[in-house]
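Below is one structure, written out as structure tokens; the observations come after it.
The values are calculated or read from the model by the stated rules, or taken from the named source; none is laboratory data. None of the values given here were measured: they were computed from a predicted structure. All Cβ positions, even for glycine, are placed from backbone atoms using ideal geometry, and neighbour counts span all protein chains on display. Remember, those area values only see protein heavy atoms, side chains included, never the ligands or the DNA or RNA. Shrake-Rupley method; radii C 1.70, N 1.55, O 1.52, S 1.80 Å.
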Amino acid sequence: MHERSLVAGLLDQIVREIAPRDPRRVQAVTLEIGEFAGVEPLLLASAFEELAPTVLSPEVRLDWRTVPLRACCESCVQEFSVSQFRFVCPACGASRVRVVAGEELLLVSVELTATEPRITKAIA
Ligand SMILES: [Zn+2]
């Protein structure tokens with residue numbers, strides 16, 4: 001399953017780059033999933049639920065928002081949202097367009113639990 005290996009790669013990245021000292025403190029992960037990223041959010045979420053608690057906090061939560069597909073016209077530089085995969089500029093009708101958003105799978109943020117409370121010593 002494609003989503004499973006994406007999640008495995010994501011967890012790997014979090015452990016290596018973001019929380020190498022204590023990945024168990026990671027309690028929330030936020031992703032941006034492009035409409036055209038080739039990822040099924042619900043499958044991704046279920047793979048996350050299965051794999052993430054073994055590496056991150058057992059209560060770790062996944063949040064995501066989907067990013068609509070947007071393109072930019074190469075002739076008139078108009079940016080527009082693409083619906084039903086019609087890659088045609090609504091302003092000038094050109095079909096030479098470039099996708100500018102909606103193909104990405106981005107790790108937006110990772111939330112860690114607070115560190116151990118600091119012990120303050122009474123002076124008086
Ligand atoms: Zn145009």
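Quick notes on this one:
- Values of log10 I(q)/I(0), in the order q = 0.15, 0.21, 0.23 Å⁻¹, for the chain under a Debye, Cα-only, solvent-free model: -0.75, -1.06, -1.20
- Between the beta carbons of Ala114 and Arg65, assuming R0 = 22 Å, the FRET efficiency works out to 0.30 to the nearest 0.05.
- Distances between placed amide hydrogens fall under 5 Å for Arg61 paired with Ala28, Val29, all partners being 5 or more residues away or on another chain.
- Mean ellipticity per residue at 222 nm, deg cm²/dmol - from DSSP H runs of n ≥ 4 across the chain, formula -39500 (n - 2.57): -7000 deg cm²/dmol
- Largest accessible area first, the listed residues Arg70, Arg16, Arg21 line up as Arg21, Arg16, Arg70 when surface is computed with a 1.4 Å probe on the assembled protein chains.
- The angle separating the long axis of helix 2-13 from the principal Cα axis of greatest extent in the chain is about 50 degrees.
- Principal-axis tilt of helix 41-55 within the chain, Cα atoms, nearest 10 degrees: 20
- Within the stretch 30-90, percent of DSSP bridges classed antiparallel, to nearest 5: 40
- Sequence-distant residues sharing a close amide H with Val67 (under 5 Å, placed H): Ile33, Gly34, Glu35
- Contour excess over end-to-end distance, with Cα ends at Leu43 and Ala94 and 0.36 nm allotted per residue: 14.8 nm
- Compared with the direct C-alpha span, the chain from Cys76 to Arg24 gains 13.8 nm at full extension, assuming 0.36 nm per residue.
- Relative contact order of the chain, pairs being alpha-carbon contacts under 8 Å that are 6 or more residues apart, as %: 31
- Within the chain, antiparallel bridges make up roughly 65 percent of the DSSP beta bridges whose residues both belong there.
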